[in-house]
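Structure record follows, encoded as structure tokens.
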Amino acid sequence: MSIANKLQTLPKTAIYGILILCTSLPLFFQIPLPNNPDQASKDFFREMMTLDASKPVLLSSDWTNSTRGESKGQMKSVLRMFMRRGQKFVLYSTADPQAPQVALDVIAEVNRERIKKNQEPYKRFEDYVVLGFFPNAEAAINGLANDFKATVKGRKDFPVGKEATDVFQSPVLKDVDSIKDFQMVVVVTASKTSNFTVERVYGKTKLAFAVTGVMGPETKVYYQSKQLVGFVNGLKGAFDIEQLMEKGLNVDSSASFRDDTHPAPVEGFKGDDNVGQGTRYFPTLHFAMALMIIMVILGNVGMVLAKKDSSKKELGGR
Amino acid sequence: MFNLLPIAFWSDPAGSSALTGKIVFGLLLGVGLLFALTKVPTQMRRSIVFGGTFLSGLFYVLFYLWPQPITRGPNDVPRDAVEGVAFWLKDSFSVVVNFTQIISGFMLGLGVYSLLRIHLTRIAKGHKDAFFSFVLLGSMVAMAFFAYGDYILRLDPVKAQELENPDKWGPLTRGRDLLFDGLLQQMDAAMFSIIAFFILSAAYRAFRVRSVEATILLATALLVILSLMGLVADRVDGFFGGLVANDPNDFFENFKLTTLRNFIGDNLQTPSINGITLGTGIGALAMGLRIWLGLEKGSGN
Amino acid sequence: MIESWNVGLLPTLGVGQVYIGGQYLANGWFGIFFTALMAGFILINIRRAKGSKGVYIRRIAGMNAIDEAIGRATEMGKPVLMVPGLSDTVDAIAVQALNIFTYVARVASRFSNPILLCCYNAAVLTLGQELIRDVYQQEGVPDRFDPDSVRFISDRQFAFAAGVSGLIHREQTAATFFMGAFYAESLIFAETANAIGAIQVASSTEATQTPFFIAACDYVLIGDEFYAASAYLTRQPILVGSLAGQDWVKLSVIASIVIGVLSASFAPFMAKRDAAAEPSEPGFLKLWEQDKEELKKYKVTREQKPAEPAAAAPAGGGQ
Amino acid sequence: MSYPFIKALVGVLATVGLYSVLYKENKFYRFFEHVFLGLATGWTIFVLWAEVLKPSWYEKMMGTPSVNGGPATDGQWAYILLLPLGLMAYFVFSKKHNWMSRIPIGIILGLWSGQQVQVWFNTYGPQIKGAMKPILPSAFSSFTVPANASAVDVYPSQALSNLLYIVTLLSVLSYFLFSFEVKNKAIIKFNMLGRYLLMIGFGAIFGSTVMTRFTLLIDRMYFIWIEFFQQQVLGRG
């Protein structure tokens, strides 16, 4: 077989093997990458870091383990920002009955980090409240948006070491009557709940999303129409946020990122644990994507060579 | 009073004997109906199926078309018959909206029956894959058993709270955790991520400069991929950014990868998807009308 | 006495918010008018086509491949695999997919070629059983129908994907048809079938999955070619008429967009001419949007129900 | 062996088992495929009652008593009528009464159809309106939109982009016209353009999906190599 043919018909198993190598080996190394965060990520970061810590935020966690690669990194960064700033928040899910548990696992992880550094862990019920899962996403989001109290009525959460208690007895929900009493609704999602949230909640309070790469294009439409104050898109977004947390925005340092549209400085958490899925996976993603580009090029080179071969033969035969 | 039927007729307090009586009556009514239907002459069958379809569709159409009063308080009484119907439609909506889910829920047994039939036959006949059929049925029973067992434990709020702590798990919760979190969820993630292999081999095979269409597909896809590689985007954008000194009106600004990707996304991808969605939306409307009005032959009617 | 038309936003369900003015739309008449007009176009054309014959339908490449694919399966003596998508319950997408598959099954039954229909949920399974059995009955070979050829696989997305891939591998299907609502798993099916060299005809109503079918399948129906397929295959007057009606609807949408574009384009100039006036949207564009705030101004007082302790609001949402 | 180790181990085995189909279909894959199908159906059987029928059917029908001072809800008996309706589907395997299975299917389809009419304008009206963009530039002080642009004015770059948007949308729409025999060359070309523009859209979707799909694979590899191999087997980190 000629090289041209070989290039065009590489065996699938070989291609798959190389992909496994490309997505495994780089995970063992820390590879620093230059980066320029998307404007949407910068906006997301600034809005999250300038929240008023005394007023609660509503956090929707609508992802499960099957999209862990992108969503977990985003979720972890969001939680780190909340907990380090003492931001009270209320957690709920509408996408999947499993979602609250997955979110609680991430909260536990960040809490372990805090304990290691001798910081006070975030206390359930006092610092954050878990409303749980609401079936029928569209109706539930509509309910939360239009009549928060009635929709949440009867929900219970567990104060540390105590029995289940009505969520409205929690200090977090003390001054909350409607969704307008939340400063912001943050949605970390891998499903359509982001669309429902924009449709129902926009205009009542600020919205910021963290979505998977597949949902990036449709979410961008809302960001451009200024319905979202910022959004984080897939793994790139997760990486952006982790970098922003490390380097800060418009801060007095050469490493800091710049944002000319809002020149006010926003400090990050320099030197703290800011590494997450984004930093770990993003370099690896480069290898995988590069492999894809190389494969496409090889296939085309093979095709062009084969064409040349056959046209030569034709000429020769004449 | 313009209420169609007083609420008191439809609902009774939980646990009351009136409620139980009405439920039993309803059940008997349903069974009677089933029996009556088996006696229906052939020529009437079509009309019965059509009638059911039409009436259920009519609910939503009426809900859409019937004039609704602008505001309504929780204890308002309708002022006339039009408002009476409007109130009734509105009140029934939250009931009707769950019908699809409930009715299809009752049908799950058919799916399970289909599985049992195929796999039990295999086991009985000693088919070469009989072992796998056994595995399938076994894991089905195990999952349902552990999931319900754990669910029943957690119905007790004190116990539920205790189970938040993994050290206190009994065999039921452990089993559920192992089967659901340890296996099912992991397999979901594995199957989801297997797409990465296929996306690579599909791109390798299909992205050839063979025809105009394939070339367009290839070029756009590669451009978007490059723009998502932070390193490449950073270098290319930095290069062109340096040329133009950040004047948005400069010609070279257009060559920044991220600008290009956004431009394609906003002005080509969005409208082409919108165009397709509009088309399928119109198709669905036409299909809906045909089914609702019984014009579609061969399917539901 | 009609105060306003309700343009029913999707369910404002459950919990107490039934009363909030969201779904009462002051200028909602346009939505109803437009929908009714579009529905009218479709019905008029169905009526029109019933009388006449031979309404033109343009060629759809993927459709002609169906016979070829089944033919090849017959030659090889291997089964034809069909998947009517992953709709949550039976909806028009699943029905349309099954309509196309009845055609496939009909051709296959004539050559006594084995078929396999993989269902994602029990409701689709029920309808699939009915329709495919009917086909075999109409063809006069009811005993050739194997109820196990229409089977339930799983109603969990990736379990379904694993199950269907396994079947494709084990049965070595010669022709595969994926039609209906497909999501991320589309590529798993398409590449698996490609790996064993099956001819594939595919279509997803999800625009975001079409590129993957294009990359991996032999023939792809794009967008609403899927809805046109049954009219194309059977030439039933009702379906053909409906297709013509759909085209009228599309033309009305195109016309609306053109008018809207013109009216939006001249708006800035008008605003400049009447510099003093507040800039506002031109009337035609306003028709397409429903002003929800407007309504909250209206208040109607009604007689109050005597306080009934029993009539508690149904609790939705929370459990 | 600790429980977390066993849990991670079965996860890894299952992942490797399912991946093995990439090489070829084999018994290992077949085993995990059947486990997967079984578990999924078992879980559905559980979810059907616990998350569908119980809250939205049984509790609505039976009502719920007051818990910890919360409000009690009344039971609505008529919900029971849905049960025989659902059971009619089971007649599908009967030779004589199989037609009855079409009644519940017909009702589900009827509900679906009615909803199409109900939501059509709300879904597509805004999309149609969104396409009504101005294509005539009205301000020429800058080619692109400056930071201090007025809300009314349309700048040349905007007008161009909008034009492209509308041409794409209209050509795609007209590509999907089926019942008109087009002989006009210009329209044929316009439809062809529609097809090409569609391909650009599809290419862009393909490209942006790649990131998510690869990330999920990387995450799986992280699970196998770091979370399982490095942390559980080697006991590091």
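Go through the range A:28-48 and count every residue that is in a helix (DSSP H, G or I), touching a residue at least 12 places away in the same chain (Cβ under 8 Å) and surrounded by fewer than 19 Cβ atoms within 10 Å (Cβ to Cβ).
The number of residues fulfilling the criteria is 1.
Those residues that are of a type in the set (Gly, Ala, Ser), more than 8 Å from D:Val35 (Cα to Cα) and under 27 Å from the mean Cα position of the chain (by Cα), I need them from the range B:124-142; list them, please.
B:Ala142
Can D:Ser179 be described as within 9 Å of chain B (Cβ to nearest Cβ), modelled with pLDDT under 90 and crowded, with 18+ Cβ neighbours inside 10 Å?
no
Please count how many residues of the range B:215-230 are at pLDDT below 85 and surrounded by fewer than 18 Cβ atoms within 10 Å (Cβ to Cβ).
Of the residues in the range B:215-230, 0 are at pLDDT below 85 and surrounded by fewer than 18 Cβ atoms within 10 Å (Cβ to Cβ).
Please verify whether the range B:234-254 includes one or more residues that are buried (at least 22 other Cβ atoms within 10 Å of the Cβ), facing another protein chain (nearest Cβ under 9 Å) and free of Cβ contacts under 8 Å to residues at least 60 places away in the same chain.
No - not one qualifying residue is present in the range B:234-254.
Going by the structure shown, is C:Val104 under 12 Å from the mean Cα position of the chain (by Cα), closer than 13 Å to C:Gly128 by Cβ and not in a strand (DSSP E or B)?
no
Taking C:Cys118 as the residue in question, decide whether it is within 18 Å of B:Arg117 (Cα to Cα) and either of a type in the set (S, T, N, Q) or touching a residue at least 24 places away in the same chain (Cβ under 8 Å) (or both).
The answer is yes for C:Cys118.
Can C:Val253 be described as under 27 Å from D:Gly125 (Cβ atoms), over 17 Å from the mean Cα position of the chain (by Cα) and crowded, with 24+ Cβ neighbours inside 10 Å?
yes
Check A:Gly132, A:Gly143 and return the single one that is touching a Lys or Arg at 6+ places or on another chain (Cβ under 7 Å), of a type in the set (Gly, Ala, Ser), modelled with pLDDT under 90 and not in a loop (DSSP other than H, G, I, E, B).
When all the criteria are applied, what remains is A:Gly132.
Restricting to the range B:172-210, what's the tally of residues that are within 12 Å of chain C (Cβ to nearest Cβ) and either more than 30 Å from B:Asp150 (Cα to Cα) or over 28 Å from the mean Cα position of the chain (by Cα) (or both)?
Adding up the residues that qualify gives 15.
Run down C:Asp224, C:Asp218 and say which single residue is acidic (Asp, Glu), at the interface with chain B (Cβ under 8 Å from one of its Cβ atoms) and more than 23 Å from D:Leu18 (Cα to Cα).
C:Asp224
Within the range C:134-171, which residues are more than 11 Å from chain D (Cβ to nearest Cβ) and of a type outside the set (A, V, I, L, M, F, W, C)?
Listed by number, the residues that qualify are C:Tyr136, C:Gln138, C:Glu139, C:Gly140, C:Asp143, C:Arg144, C:Asp146, C:Asp148, C:Ser149, C:Arg151.
Would you tally the residues in the range C:264-288 being modelled with pLDDT of 70 or more and of a type in the set (Asp, Glu)?
Total satisfying the criteria: 2.
Could you please find all residues in the range C:211-232 being over 16 Å from the mean Cα position of the chain (by Cα) and over 14 Å from C:Val201 (Cα atoms)?
The one that is over 16 Å from the mean Cα position of the chain (by Cα) and over 14 Å from C:Val201 (Cα atoms): C:Tyr232.
Here's a check for you: in the range C:34-68, which residue that is part of a loop (DSSP other than H, G, I, E, B) and surrounded by 14 or more Cβ atoms within 10 Å (Cβ to Cβ) is nearest to the chain's Cα centre (by Cα)?
C:Ile60
Scan C:Phe178, C:Phe160 and give me the residue that is within 15 Å of the chain's Cα centre (by Cα) and modelled with pLDDT of 95 or more.
When all the criteria are applied, what remains is C:Phe178.
Would you say D:Val52 is at pLDDT below 90 and outside the structural domain of D:Tyr222 (by TED's automatic domain parsing)?
So D:Val52 fits the description; yes.
Sort out for me the helices (runs of 4 or more DSSP H) sitting completely within the range B:56-159 that have 2 or more residues that are at the interface with chain D (Cβ under 9 Å from one of its Cβ atoms) and aromatic (Phe, Trp, Tyr).
Once the helices (runs of 4 or more DSSP H) in the range B:56-159 are filtered for at least 2 residues that are at the interface with chain D (Cβ under 9 Å from one of its Cβ atoms) and aromatic (Phe, Trp, Tyr), what remains is B:99-106, B:130-154.
Taking the range A:99-118 on its own, how many of its residues are in contact with an Asp or Glu (Cβ under 8 Å, 6 or more places away or on another chain) and either among the acidic types (Asp, Glu) or under 15 Å from A:Trp63 (Cβ atoms) (or both)?
Adding up the residues that qualify gives 2.
Here are some conditions: (1) at pLDDT below 90; (2) part of a helix (DSSP H, G or I); (3) more than 7 Å from every other protein chain (Cβ to nearest Cβ). B:Gly32 meets all but one. Which one does it not meet?
Of the numbered conditions (1) at pLDDT below 90; (2) part of a helix (DSSP H, G or I); (3) more than 7 Å from every other protein chain (Cβ to nearest Cβ), the odd one out for B:Gly32 is (1).
The values are calculated or read from the model by the stated rules, or taken from the named source; none is laboratory data. These figures come from a predicted structure and were not determined experimentally. Reconstructed Cβ throughout: ideal geometry from the backbone, glycine too, with neighbour counts over all protein chains shown.
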